[in-house]
Every structure is written in structure tokens, then in C-alpha cells.
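I have placed the structure first, in the form of C-alpha cells, so that the comments after it can refer back to it.
The values are calculated or read from the model by the stated rules, or taken from the named source; none is laboratory data. Just so it is clear, the model here is predicted, and its values are computed rather than measured. Glycine gets a Cβ as well: all are built from the backbone with ideal geometry, and neighbour counts include every protein chain shown.
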Amino acid sequence: MTMRLVWSILYESMDAKARKALETIRDSVAAKRYTVSQHFTQRMDERAFFWADVLAVLDRPGKVRDDGRDKWGRPKWKISGNTPDGVALEMVCAIETDERGRSTVFITLY
């Protein structure tokens, strides 16, 4: 089974809310409408992850799960997958909506 087919099966198995959240997060990153918290940056440094690892997981996540709302009432999502080196990575993101549209806040990763 090719990786493209595996990804297609995983993507199709996500519920509509998870697919929409993933698309919103990807669109935010592509439009450079995102914020990376200091905690997220610290965790990247501690675990020797690079931004390319984050992008790889966003490109082909293993799971996208609703994680309720953060303390400001924003929808929060957990996205997990493997880096190109095969290391498991999970991140927590919140989707912010303001007068300019949607953006993503990268909260933490592990």
C-alpha cells in the first residue's frame, strides 16, 4: 500500500469537523496567519524538533482530534503524526477568529 493511499484512507476516516479544522490550520500556516507560543517554541527546542517537522505532521497527520476549548473559548485541536525521521509528534492548536479572519495559535507539542 502506498503512503498516498494510506494518507487518503486516514483523511477520509476523519470526521467533517476534524477535516475542516485541519484545512483551517493548514490555510492559516500557508497565509502566515499563525502565532507560535513561547511554550511551543521551548518544547520544540527541548525535543529537537524543527518547524519542518511540524509542517510534515500537518501535511500528513495520523490523527486530528477535537480537544474542546481553551481558556479563551477558542476551538482546540490535537494533531499527531510522525516526523520525516519517524519520530512521533503531537501538537495542540487553537483556532482564532477575528475581524480579519481565522488564524492558528500553536500552544504546545510533545
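Tabulated results
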| item | result |
| --- | --- |
| Complete set of residues in region 86-108 that are more than 14 Å from Phe40 (Cβ to Cβ), acidic (Asp, Glu) and in contact (Cβ under 8 Å) with a residue 12 or more places away in the chain | Glu96 |
| Selected residue (only one of Phe49, Phe40 is surrounded by 12 or more Cβ atoms within 10 Å (Cβ to Cβ), part of a loop (DSSP other than H, G, I, E, B) and at pLDDT 95 or above) | Phe49 |
| Considering residues of region 52-110 that are among the basic types (Lys, Arg) and under 14 Å from Arg26 (Cα atoms) only, the residue modelled with the lowest pLDDT | Arg102 |
| Selection within region 56-71 - surrounded by 13 or more Cβ atoms within 10 Å (Cβ to Cβ) and either closer than 13 Å to Cys93 by Cα or touching a His at 6+ places or on another chain (Cβ under 6 Å) (or both) | Val57, Leu58, Val64, Arg65, Asp66, Asp67, Asp70 |
| Check on Ser80, among the small types (Gly, Ala, Ser), surrounded by fewer than 19 Cβ atoms within 10 Å (Cβ to Cβ) and in a strand (DSSP E or B) | yes |
| Residue in region 84-93 that is outside any strand (DSSP E or B) and surrounded by 15 or more Cβ atoms within 10 Å (Cβ to Cβ) present | no |
| Unique residue being of a type in the set (S, T, N, Q) and crowded, with 17+ Cβ neighbours inside 10 Å when the list is Thr97, Thr104 | Thr104 |
